[in-house]
Amino acid sequence: MQYETRTIGTDDVIALPDHSAPRGPRWGLIAGIAAAVVALAVLAFSVFGHHAAPSKPTEQLPLVSVVVPGRSAVARTITATGSLAARREMPVGVSGEGGIVTRVLVEPGQWVEKGQVLAQVDRSVQTQTAASLAAQIKVSQADATLAQSELDRAKQLVSRGFISRADIETKTATRDAAAARVKVAQAQLAQQQASNGRLDVRAPARGLVLTRSVEAGQVVSAGSGVLFRMAEGGQLELRAQVSEADLRGLHVGSQAKVTPIGGSEIFTGEVWQVAPVIDPTTRQGVARIALAYNPALRPGGFASAAIVAGETDVPQLPNAAIQSDDKGNYVYVLGRGDTVTRRAIKVGEVSDSGVAIIDGLNGTEKVVQSAGAFLNAGQKVKPTLVTANAASMR
């Protein structure tokens, strides 16, 4: 670009740049670079612009844990309730002729031995009768001794002809009769003594006194009814009421855990008898559970029992895998394409190792172990397989 320089006077005019003058080489270089950039942009658009598709957002699938439960042996437990009682209750009353009770020697809750006196009955009259019989024995023995002496003297006189053979036979008979009267008197005394011994109320066997219904001064007899109730050997039992269906699975020797109502202590026992009949009204039977003596077990009290009635081979799932609604219990099972489907189930025993599934699963399915509450049937998920042992620990 060229400029003309002139001295400006009052009559002079300012000269403007002359654009019509020829341009230098630098402007040509800049124009070439700009044209090349434009050409490259057009080429790139023509090659790549028509093939690029708009990107779609990535689908986020819920991450869930699934488990294959398999099958395992699960104890079948029957829950029942019933009353505590003596396993062998012994009612004790008067076995003799009775009389006035002079002393009561035991209280409920005490242990007694076989034959121990529980209550004493007045025997003043019976004692005099026994003394009279004892005196009769002495009289009979004296008569027998005298008869024997007379017989011996008569035998010495027979050889001298002073006494006949007939007299000897008579004296022999007298001696034998006197000896017989001695035995009769002795038997009568023994009978009276036995009767006197039955006046006292005695324990028929070793055991625990449960109740007492007699006091000193009371007149008792064979018709007075039960004076004491005892538990033979202190053995107790729970008479559990079991439904007809559950009773079929019970057998003698089944282990049980008994908890008295109002307490937390658990007592271990076993079924020693299963009722052979069913009550036609309640449709229940009685399972008798033997228990060792313990002061916390009181006959007449109420208790619950958990009876182990064998084992069943069923799948087990953690509690978190089981869902429930108004239609019942269900789980989500992983199907084709990692989609979940609803499966109705029936639950059984609940233990520390999990919940037994007695219907609805065979153990080979992939069951959603967690996040089931946030899923819907037919929904696609991203599964993570966990082992059955790890699932049971959750």
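Scanning region 341-373 for residues that are among the small types (G, A, S), more than 14 Å from A73 (Cα to Cα) and part of a strand (DSSP E or B) turns up just one, A344.
Inside region 126-145, can you point out the residues that are free of Cβ contacts under 8 Å to residues at least 24 places away in the same chain and of a type outside the set (S, T, N, Q)? Across region 126-145, the qualifying residues are A131, A135, K138, A142.
None of L157, L151, L208 is out of contact with any His (no Cβ under 6 Å at 6 or more places or on another chain) and open to solvent by 40 Å² or more (accessible area, probe 1.4 Å) except L157.
Selection of region 273-288 for residues being without any contact (Cβ under 8 Å) to a residue 60 or more places away in the chain and either within 22 Å of P260 (Cα to Cα) or open to solvent by less than 80 Å² (accessible area, probe 1.4 Å) (or both) yields Q273, V274, A275, I278, D279, T282, Q284, G285. On the stretch given as region 81-129, residues that are in a strand (DSSP E or B), out of contact with any Gly (no Cβ under 6 Å at 6 or more places or on another chain) and open to solvent by less than 70 Å² (accessible area, probe 1.4 Å) total 16. Quick check: is even one residue across region 222-235 part of a loop (DSSP other than H, G, I, E, B), open to solvent by 60 Å² or more (accessible area, probe 1.4 Å), without any contact (Cβ under 8 Å) to a residue 40 or more places away in the chain and not hydrophobic (A, V, I, L, M, F, W, C)? Within region 222-235, one or more residues are part of a loop (DSSP other than H, G, I, E, B), open to solvent by 60 Å² or more (accessible area, probe 1.4 Å), without any contact (Cβ under 8 Å) to a residue 40 or more places away in the chain and not hydrophobic (A, V, I, L, M, F, W, C).
When region 240-252 is filtered for residues that are open to solvent by 30 Å² or more (accessible area, probe 1.4 Å) and of a type outside the set (K, R), the ones remaining, listed by number, are Q241, S243, E244, A245, D246, H251, V252. Among the residues of region 295-304, is any among the hydroxyl-bearing types (S, T, Y), modelled with pLDDT of 90 or more and open to solvent by 30 Å² or more (accessible area, probe 1.4 Å)? Taking every residue of region 295-304 in turn, at least one turns out to be among the hydroxyl-bearing types (S, T, Y), modelled with pLDDT of 90 or more and open to solvent by 30 Å² or more (accessible area, probe 1.4 Å).
Hey, any hits in region 346-360 for a residue that's among the aliphatic types (A, V, I, L, M), loosely packed, with under 15 Cβ neighbours inside 10 Å and in contact with a helix residue (DSSP H, G or I) (Cβ under 8 Å, 6 or more places away or on another chain)? The answer is yes; a qualifying residue exists. If the condition is being in a loop (DSSP other than H, G, I, E, B) and open to solvent by 80 Å² or more (accessible area, probe 1.4 Å), then region 160-176 contributes R160, F162. Scanning region 54-80 for residues that are surrounded by 14 or more Cβ atoms within 10 Å (Cβ to Cβ) and part of a strand (DSSP E or B) yields V64, S65, V66, V67, S72, V74, A75, R76, T77, I78, A80. The residue of region 361-371 that is surrounded by the most Cβ atoms within 10 Å (Cβ to Cβ), among those that are touching a Ser or Thr at 6+ places or on another chain (Cβ under 9 Å) and not small (G, A, S), is Q369.
The values are calculated or read from the model by the stated rules, or taken from the named source; none is laboratory data. Keep in mind that this is a model prediction, so the values were computed, not measured. So basically every Cβ, Gly included, is an ideal-geometry build from the backbone, and we count neighbours across all protein chains shown. These accessible areas exclude ligands, DNA and RNA; they are computed on the full protein's heavy atoms, side chains included. Shrake-Rupley method; radii C 1.70, N 1.55, O 1.52, S 1.80 Å.
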